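Comments concern the structure below.
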């Protein structure tokens, strides 16, 4: 008997086909339109989601959306758009059919239904979280002049301050969140892209300011940024979270046909010439005056006489307008089950340094065909891509990649004796010659430094894989795995024979130094979360494990003395230096557990804990525990609207986070030492086997208030932070053989502050809309204890930096000398340290005192115990007077957006800092006071000329001496005097005007939408600070 059997594989295939046919028959589609409820305008880019599924779509230029493969039956849709309140609707999806659902969204300045991820364990509505979470949405910045990541954060979030590293092309900014949370370690926050931790160290060569790694992130690919501001919010991130957390979420695709976007922009930049003080000087004799008049005929018309001050804008010789050209393109789209987004961006910029400049007819390095020279070019290529896959209703995969290549060049800069800008500012016209055009008296001529170039070439790659699996209703598994890799190659080149003016004596045969660094950060983050309800109670729990591995390798080498021009390689060096290499590996691992309990939908309490371990504490480490608790209460959900108060939420959070020391800080190490007797070792780091992380404990109270149907929204929070076991560098007994300091957990740093903000939709109709915003934050910090260690001076032994870590004072407080300003003439001529009578002074200056401190001295004050008790001084030393602190009490931003009709938009952003905010204006201190390389600002030169001019002996000379004491006297032994200035400022940070072409007109060009915009940054500033820019000179 023959039997016929069907192979098992065929059976499975038939079953699969049958099941698929069944499933398809049980699906339908949803389509509709999302508009502004007040004006009826379409909302482009609004998101419509099928709640409880991975299905969704974004609206097109007509506000229309379409979602296919929606399971048939009852479904709930949710529509949301930045700046609008979200809205949900129930629909009945017919099998093999379509249902139309339109949404009209109303403007809302407050949206507690906004979904956040960072610090919450899983994605959750903001209303359920008791700590503050800052959110920056890129959709709201579409017209802003954004060129890099630093621009995105500047002035956007309360308590977050950007500190520019310098004013040169491509230089980034440091980030401070709620001040300083450590006295010896980095104060930079931890940064993530799509759940993967990235390298946030500086990139580039020194000396001076450097670019920021964060500016290697493609701003076009960013969808939103979430910011956790302190330990109360960041506890789940453990040992490295005390400085705050910044998480960047990149854009993703949508179910639609491919949508292309192209943007081309061109910008110009320039130094504010009105802030630069011209180089000023005067001749002491007629021969010098004649030479000056010949060199600078445009500034000495009619000739010069001795003691007649001439003003020459040396700096403008080197700087012109810079330019920045950007081209970017992106595409997004997808089908049910797979969506994609990809972006390319190219930036080419040339800063305001003029590579074609000449100084009295002699070219700078880049314009000299015989030698290489410095430039300030920056080229950057960025590529980003995201792929979302939905293989089944239970599985979601997200793969993202971000890559950046940067070629960054810069001139010698910042506080550097060979800095081009600093040297040309120190030039004196009376010392100028045809060879030494800028009259440089020390180190080198400004033109010689333009031959010394610095280059940094870097690759930055981040890869992220995120996966989630819905085990059953309420139970999900998720994981994030990825890597961030940064590879840097830095070159500092001094070409052979660059001392073209015969002034420079250092490495005249050239020098070359190269450095290669490779840092990789690996991330693995696995979580399981479960949510459910029991009557009026709800719960959401998460358990997870995170581990991070950071591997850092560097190699460096260099030396001096090329045999001749053109041989610019390490092998050609006649006097090579000592090569170096470094390797470190740090592994951090943590286990977290968190539960959130909810009562109805108006009270939520969250409790969590993280156990952390770090390889920096050796093999015999013990874990560190970081707990957290937060509560969120929404009275208006419980009780209903309270008059004009449409939404009210109160919240509280408490938590701990840490800050780890360096990889080798625990260990006692020895360094290699090359000597004439052969190789050897010398004492290196002084280890401390008891070293542990700093622990930051923070409590926060706050809330949000929405008025008039949330058209006006206020938010506020007060926070208080204590950092215990602060890592302090303390002196080690020299008898132990080590000269370096020892890092130990002996300090305490306290801080508190508050933050308030307001957003309001002032006017909204079919013709015009006006939205305004404002925020302000307050910061107070104090070094409570240094654990018995003496106060520490920031900046080492250099006496002109007057920042100290002193118990009872804010970190970095300035202390220094103080002039007796109780008299009009604080001048001593008899050596008793007291001001002499005006009659005696007048008689003296009739025949003497013809120069700065020529037979006379200023009258200085010495602190007393009463001054210490009153907080005017730290001790009774001559340099113990309190002169201010480097961080402002208040930071605020404000601005607005105005829209006329459907075409024109105007956006503004102002930022201000004030309140005991002081800055070291060391550049002007040198320019005002130093006898060799200074006294060349217009007022200082005029005052010195009045002192020295024999024709002005007597009253004029005496007045000049008093003015010198009150305005220009600075530097040792009067460190801090006339140097520490009020740095308060208000500036127009951004202004943009955009015009959206009518859709019908845009269609003629073959595009669906077309917008043209003009924008600017840092266009205006109001400040009493006398330097170039208070942000560039701040510590």
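Restrict the check to the range 59-81 and report whether at least one residue is within 39 Å of the chain's Cα centre (by Cα), closer than 15 Å to residue 107 by Cα and assigned to a loop (DSSP other than H, G, I, E, B). First the steps, then the outcome.
In the first step, residues of the range 59-81 are kept if they are within 39 Å of the chain's Cα centre (by Cα); the result is 59-65, 77-81.
Now narrow it down to the ones that are closer than 15 Å to residue 107 by Cα: 79-81.
Among the residues that remain, those that are also assigned to a loop (DSSP other than H, G, I, E, B) are: 81.
Checked the range 59-81: at least one residue is within 39 Å of the chain's Cα centre (by Cα), closer than 15 Å to residue 107 by Cα and assigned to a loop (DSSP other than H, G, I, E, B).
Table: residues versus (1) free of Cβ contacts under 8 Å to residues at least 40 places away in the same chain; (2) touching a strand residue (DSSP E or B) at 6+ places or on another chain (Cβ under 6 Å).
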| site | (1), (2) |
| --- | --- |
| 40 | no, no |
| 45 | no, yes |
| 48 | no, yes |
| 56 | no, yes |
| 59 | yes, yes |
| 84 | no, yes |
| 90 | yes, yes |
| 94 | no, yes |
| 98 | no, yes |
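For the range 981-1035, what are the residues that are at positive phi and not in a strand (DSSP E or B)? Steps first, answer last, please.
Our first condition is that a residue be at positive phi; within the range 981-1035, this holds for 1006, 1018.
If the condition is that a residue be at positive phi and not in a strand (DSSP E or B), then 1006 is the only one that fits.
Inside the range 352-402, can you point out the residues that are touching a helix residue (DSSP H, G or I) at 6+ places or on another chain (Cβ under 7 Å), assigned to a strand (DSSP E or B) and surrounded by 20 or more Cβ atoms within 10 Å (Cβ to Cβ)?
If the condition is that a residue be touching a helix residue (DSSP H, G or I) at 6+ places or on another chain (Cβ under 7 Å), assigned to a strand (DSSP E or B) and surrounded by 20 or more Cβ atoms within 10 Å (Cβ to Cβ), then 353, 359, 384, 402 are the ones that fit.
Just give me the residues in the range 449-479 being crowded, with 22+ Cβ neighbours inside 10 Å and more than 15 Å from residue 515 (Cα to Cα), in sequence order.
The answer is 449, 450, 451, 452, 460, 462, 464.
Identify all residues within the range 223-234 that are touching a strand residue (DSSP E or B) at 6+ places or on another chain (Cβ under 6 Å) and outside any loop (DSSP other than H, G, I, E, B); write none if there are none.
Applying the first criterion (touching a strand residue (DSSP E or B) at 6+ places or on another chain (Cβ under 6 Å)) to the range 223-234 yields 223-232, 234.
Listed by number, the residues that qualify are 223, 224, 225, 226, 227, 228, 231, 232, 234.
Those residues that are under 26 Å from residue 711 (Cβ atoms) and modelled with pLDDT under 90, I need them from the range 64-78; list them, please.
Across the range 64-78, the qualifying residue is only 78.
Filter the range 638-666 down to residues that are in contact (Cβ under 8 Å) with a residue 40 or more places away in the chain and either over 19 Å from residue 711 (Cβ atoms) or not in a strand (DSSP E or B) (or both), then give me how many there are. So that I can check it myself, show each step before the final result.
The initial filter retains those residues of the range 638-666 that are in contact (Cβ under 8 Å) with a residue 40 or more places away in the chain, namely 644-666.
From what's left, either over 19 Å from residue 711 (Cβ atoms) or not in a strand (DSSP E or B) (or both): 644, 650-666.
Within the range 638-666, residues that are in contact (Cβ under 8 Å) with a residue 40 or more places away in the chain and either over 19 Å from residue 711 (Cβ atoms) or not in a strand (DSSP E or B) (or both) number 18.
Can you name the condition, by its number, that residue 237 falls short on among (1) in a strand (DSSP E or B); (2) buried (at least 24 other Cβ atoms within 10 Å of the Cβ)?
Status for residue 237: all satisfied but (1).
Can you pull out every residue in the range 927-940 that is crowded, with 21+ Cβ neighbours inside 10 Å and assigned to a helix (DSSP H, G or I)?
If the condition is that a residue be crowded, with 21+ Cβ neighbours inside 10 Å and assigned to a helix (DSSP H, G or I), then 927, 928, 929, 940 are the ones that fit.
Determine whether the range 16-37 contains at least one residue that is more than 19 Å from residue 337 (Cα to Cα), in a helix (DSSP H, G or I) and at pLDDT below 90. Steps first, answer last, please.
Within the range 16-37, the subset more than 19 Å from residue 337 (Cα to Cα) is 18, 32-37.
Narrowing further to those that are in a helix (DSSP H, G or I): 18.
Pick out the ones that are also at pLDDT below 90 and you get 18.
Yes, the range 16-37 contains at least one residue that is more than 19 Å from residue 337 (Cα to Cα), in a helix (DSSP H, G or I) and at pLDDT below 90.
Within the range 788-807, how many residues are surrounded by 15 or more Cβ atoms within 10 Å (Cβ to Cβ) and either on the phi > 0 side of the Ramachandran plot or not in a strand (DSSP E or B) (or both)? It would help to see each step written out before you state the result.
If we filter the range 788-807 for residues that are surrounded by 15 or more Cβ atoms within 10 Å (Cβ to Cβ), which is where we start, we get 789, 791-795, 799-807.
Adding the requirement that they be either on the phi > 0 side of the Ramachandran plot or not in a strand (DSSP E or B) (or both) leaves 789, 791, 794-795, 799-802, 806-807.
Looking only at that region, the number is 10.
Can you tell me how many residues within the range 727-754 are surrounded by fewer than 17 Cβ atoms within 10 Å (Cβ to Cβ), touching a residue at least 12 places away in the same chain (Cβ under 8 Å) and under 21 Å from residue 671 (Cα atoms)?
Total meeting the criteria: 6.
Quick one: which residue in 287, 293 is modelled with pLDDT of 95 or more, in contact with a strand residue (DSSP E or B) (Cβ under 9 Å, 6 or more places away or on another chain) and not in a strand (DSSP E or B)?
On the way: 287 fails: in contact with a strand residue (DSSP E or B) (Cβ under 9 Å, 6 or more places away or on another chain).
Being modelled with pLDDT of 95 or more, in contact with a strand residue (DSSP E or B) (Cβ under 9 Å, 6 or more places away or on another chain) and not in a strand (DSSP E or B) holds for just one of 287, 293, which is 293.
Specify which of the listed residues (349, 316, 330) is in a strand (DSSP E or B) and touching a helix residue (DSSP H, G or I) at 6+ places or on another chain (Cβ under 7 Å).
Values: 349 fails: touching a helix residue (DSSP H, G or I) at 6+ places or on another chain (Cβ under 7 Å); 316 fails: in a strand (DSSP E or B).
That would be 330, the only listed residue that is in a strand (DSSP E or B) and touching a helix residue (DSSP H, G or I) at 6+ places or on another chain (Cβ under 7 Å).
For every residue, the table says whether it meets (1) in a strand (DSSP E or B); (2) under 30 Å from residue 798 (Cα atoms); (3) within 39 Å of the chain's Cα centre (by Cα).
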site	(1), (2), (3)
894	yes, no, yes
897	yes, no, yes
909	yes, no, yes
925	no, yes, yes
942	no, yes, no
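Run down 987, 1004 and say which single residue is over 27 Å from residue 907 (Cα atoms) and either free of Cβ contacts under 8 Å to residues at least 40 places away in the same chain or within 22 Å of the chain's Cα centre (by Cα) (or both).
Exactly one of 987, 1004 is over 27 Å from residue 907 (Cα atoms) and either free of Cβ contacts under 8 Å to residues at least 40 places away in the same chain or within 22 Å of the chain's Cα centre (by Cα) (or both), namely 1004.
Taking the criterion of being touching a helix residue (DSSP H, G or I) at 6+ places or on another chain (Cβ under 6 Å), modelled with pLDDT of 90 or more and closer than 29 Å to residue 498 by Cα, would at least one residue in the range 407-417 satisfy it? Quick ask: steps written out before the conclusion?
In the first step, residues of the range 407-417 are kept if they are touching a helix residue (DSSP H, G or I) at 6+ places or on another chain (Cβ under 6 Å); the result is 411-412.
Narrowing further to those that are modelled with pLDDT of 90 or more: 411.
Then drop every residue that is not closer than 29 Å to residue 498 by Cα, which leaves 411.
Yes, because at least one residue in the range 407-417 is touching a helix residue (DSSP H, G or I) at 6+ places or on another chain (Cβ under 6 Å), modelled with pLDDT of 90 or more and closer than 29 Å to residue 498 by Cα.
The values are calculated or read from the model by the stated rules, or taken from the named source; none is laboratory data. For clarity, every value in this text was computed on a predicted model and none was experimentally measured. When we count neighbours, we look across all protein chains shown, and the Cβ atoms used for this are built from the backbone with ideal geometry, even at glycine.
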